[in-house]
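Below: the structure, in structure tokens.
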Amino acid sequence: MRLRIDLAYDGTDFHGWAAQPGLRTVQGELTAALATVLRVPAGELQVVCAGRTDAGVHARGQVAHLDLPDDHAAAGDELGRLARRVNGVLAPDLRVHRVTVAPEGFDARFGALWRRYAYRIADAPEVVDPLVRRHVLTWPRPLDLGLMNTASGYLTGLHDFASFCKQREGATTIRTLLELSWSRDESGVAVGLVRADAFCHSMVRALVGCLVAVGEGRRSPAWAREILEAQQRDPAVAVLHAHGLTLEEVAYPPDAELAARVERTSAKRERL
């Protein structure tokens, strides 16, 4: 039996999602709590997430899956209480919203159609709110969101994002960036919405770093296109702080299309 787990966390005190010896991680804490509640060794549980967030990155809409034997006690009536029981073990900065039996073919990672992140920046003294400092970046200079949106237009679509990714051996940097846009919320905070089929390591924060340079007027919007086309990291592009970034939502296809989606996205993307 495969379970779907919807969860959220404040990433401030976590060393990212992936379990690491001696470090507090989301995967490590969640696995330990599930093992306690389900009364199984933690080593027998593998929790797979939709997107492995870096240290300090938050999530409101993270999705994970967990495989259990069909006859496990979590089945039936127990499943309805599993989220509450797990939350009773977890610290307050990590919450399970719901646990459900996953449909046939569901895979939290490879079944996703897209992931949507938001990056929040308070770029004026009057919009800096100490109460949200853990997930909003305070920036010392005002940003022109019009310029940032113009630059964003050069980056959307199917591209090789090597200029914005930390390279990993054997991993492709080709992604489809479905949305990249900037607006202000009701408090005046600048919010960048970034949606793609998948992201490579540090990609969102590097994209934001590039666009902030444009928004400050230090670079022209066309500079974003030049960086993209270079297909190599440029030290002029800063990777912005993790705490301004939040995983907001993960989307999946209808149940009947899950298996086909997993098969497609499990295959390695070919280079352009």
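Just to be sure before I move on: is Leu207 under 30 Å from Val262 (Cβ atoms) and surrounded by fewer than 20 Cβ atoms within 10 Å (Cβ to Cβ) in the structure I sent?
Judged against the criteria, Leu207 is not a match.
Of the residues that make up the stretch 189-197, is at least one at pLDDT 95 or above and more than 17 Å from the chain's Cα centre (by Cα)?
Yes; the residues of the stretch 189-197 include at least one that is at pLDDT 95 or above and more than 17 Å from the chain's Cα centre (by Cα).
Would you confirm whether or not the stretch 98-107 contains a residue that is polar (S, T, N, Q) and surrounded by 16 or more Cβ atoms within 10 Å (Cβ to Cβ)?
Checked the stretch 98-107: no residue is polar (S, T, N, Q) and surrounded by 16 or more Cβ atoms within 10 Å (Cβ to Cβ).
When both residues are 6+ apart or on different chains and their Cβ atoms are under 7 Å apart, which pairs have a first residue that lies in the stretch 144-165 and is in the same structural domain as Asp123 (by TED's automatic domain parsing), and a second that is among the small types (Gly, Ala, Ser) and not in a helix (DSSP H, G or I)?
Close Cβ pairs satisfying both conditions: Asp144/Gly217; Leu145/Ser183; Leu145/Ala190; Asn149/Ser181; Ser152/Ser181; Cys165/Ser202.
Inspect all residues belonging to the stretch 134-151 and state whether any of them is assigned to a strand (DSSP E or B) and within 22 Å of Gly56 (Cα to Cα).
For the stretch 134-151, residues assigned to a strand (DSSP E or B) and within 22 Å of Gly56 (Cα to Cα): present.
Being under 19 Å from Thr138 (Cβ atoms) and within 23 Å of the chain's Cα centre (by Cα) narrows it down to one of Arg205, Arg233, Arg168, Arg175, so name that one.
Only one candidate passes the filter, namely Arg205.
The values are calculated or read from the model by the stated rules, or taken from the named source; none is laboratory data. What you are looking at is a predicted structure, and each value in this text was computed from that prediction instead of being measured. All Cβ positions, glycine included, derive from the backbone under ideal geometry; neighbour counts span all protein chains shown.
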